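Working notes, beginning with the structure itself.
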Amino acid sequence: MDRSQQLMDRAVKFIPGGVNSPVRACGNVGMAPRFIQGATGPYVIDADSRRYIDYICSWGPMILGHNNPEVLDKVIRACENGLSFGAATEAEVDIAEYICTRIPHVEMIRMVNSGTEAVMSAIRLARGYTKRDKIIKFAGNYHGHSDCLLVDAGSGLMTAGIPGSAGVPAGCTADTLSAVYNDLDSVKKLFEANEGKVAAVIVEPVAANMGVVLPEKGFLKGLRELCTQNGALLIFDEVITGFRLAFGGAAERFKIKPDLVTYGKIIGGGMPVGAYGGRKEIMELVAPLGPVYQAGTLSGNPVAMAAGMEQLKLLAENPDIYSKLEAAGEKLYGGMENLIRQYDLPCTVSHIGSLGCVFFTSAEVKNYELAKTSDTEAFAGYYKFMLEHGIHLAPSQFEAMFLSLAHTDEILDQTLEVFEDYCKSVSA
Ligand code: PMP
């Protein structure tokens, strides 16, 4: 028995399901998760010291590759000054100024500790600003695990085949309206049926929690227009896309200006961080300036700010980084597409920049219902084959692959060789 299995056998006795976040569990692919002891560059190393090329990248934040030496150096130096003060620090001002002076739609920003907190706070703020209660979200989008957003949710809920969670009172989701991704009419109808009551539309501008689903041409622009017409705020949840699809995220890439934006893990360079920001007149409602209460003892933690600041600087101040990530995405996902065609597999590859996934369906996936047509058993076979051949993927059809700068041409070629072997093994 390998050490990951042994650790899982121990873990399940003390941690529900053996994991501290369900998306790590590999039950749906029928095995114990790899327990990771370390990571460097494009690799993670498991408890048996086996090395894998990693396409999880901590679910996004390791965009420079694992254990980037410059980020690590800043973290060590910050640690030497103290791990947490629960008080204001210069590092918080630096990072807020850095982001607000580079991303035009973020005029003010507040740091929190996770994507869940960021979204929960942005929703509260949108409700406080508009003095309305209802929100529109999209089926298959995931916005963290706060009560009101566990409706038709993607990610771990979709993997488990459940739309929401037990323990959420009906009252908490009564004001959450669910629309169809890439379907503006479904949003229009909800606005019409709830006139003057919708505080905000929240959307993953590129959906990455039902696999990767791209917004069709005009979808985001249409949402912007519908929100403006109806006096509702547009919230882009850029927990995955922020600082990845461009420094200014999907908003910059698609040239759409949201009113509020939520960020997550990438801001912390791997430390637990989230943030929400947007128009000043809205952000000024947040306590202690305004009546929308939101707080956090460890928010803006100095070690997390040091890691985040260094990562953001490396991203913003090296003009080649985004074109390199783009080229890596084109090489890997384009290569996978070609192999799927060559071996005539009933799969599609959905990708943008460094984000992508293989859908085990021949349908062109535009929304939650189409994503659900995927053959999850075939996905499990693919996952196991890739793992056995040294490639570490997210263990679910309904998650994304993340590339980093450490995924060099050589690493991508090795991955494509394994993928070709996989294609051969199933096409016979
Ligand atoms: N929003 C999106 C788009 C996410 O992908 C996630 C998690 N991956 C969250 C919010 C929640 O973030 P966290 O897990 O840090 O709470």
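Read-outs throughout are calculated quantities, based only on the coordinates presented, and are distinct from any laboratory measurement. As the structure is a computational prediction, the values presented were derived from the model and not from experiment. Every residue, glycine among them, receives a Cβ derived from its backbone with ideal geometry; neighbour counts consider all protein chains shown.
Quick notes on this structure:
- When the range 200-359 is reduced to its Cα atoms, the Kirkwood hydrodynamic radius in Å: 17.5 Å
- Each Lys or Arg adds one and each Asp or Glu subtracts one; over the other residues with Cβ under 10 Å from the Cβ of Glu107, this totals 0.
- Candidates Asn141, Gly231, Ala91 compared by Cα position along the dipole of the range 69-316: farthest toward the positive end lies Gly231, with charges placed on Cβ.
- The lysine pair tally for the range 69-316, using Cα distances under 18 Å and a gap of 8 or more places or different chains, is 23.
- Kyte-Doolittle mean at least 0.0 and Cα axial length at least 20 Å: DSSP H helices in the chain: 115-130, 302-316
- Dimensionless Rg over Rh [the chain; C-alpha; Kirkwood]: 0.95
- In the range 194-277, trypsin sites (Lys or Arg not before Pro) in a DSSP loop with at most 14 other beta-carbon atoms within 10 Å: Lys217, Lys255
- Rounded to 5, the percent of DSSP beta bridges in the chain classed as antiparallel: 55 percent
- If the chain linking Ala170 and Lys13 were pulled fully straight, counting 0.36 nm for each residue of separation and taking away their Cα-Cα distance, it would gain 53.3 nm.
- Centroid-to-centroid separation of the range 367-389 and the range 206-250 [C-alpha atoms, Å]: 25 Å
- Our helix-only sum for the chain, with -39,500 (n - 2.57) per DSSP H run of n ≥ 4 divided by its residues, gives a mean residue ellipticity at 222 nm of -12000 deg cm²/dmol.
- Each peptide in 405-415, 282-292 was scored by the mean count of other Cβ atoms within 10 Å over its residues; highest first, the order is 405-415, 282-292.
- Positive end of the dipole of the chain (Cβ unit charges, origin at the Cα centre): among Ile240, Val206, Thr297, the Cα lying farthest that way belongs to Thr297.
- Once you reduce the range 126-147 and the range 51-65 to the center of their Cα atoms, the two points are 29 Å from each other.
- For the peptides 156-166, 57-67, residues were scored by their other Cβ atoms within 10 Å and the scores averaged per peptide; the highest-first order is 57-67, 156-166.
- Remark: the chain carries a charge dipole of roughly 900 debye about the Cα centre, counting +1 on each Lys and Arg Cβ and -1 on each Asp and Glu Cβ.
- When Rg and the Kirkwood radius Rh are both evaluated on Cα atoms of the range 69-316, their ratio Rg/Rh stands at 0.97.
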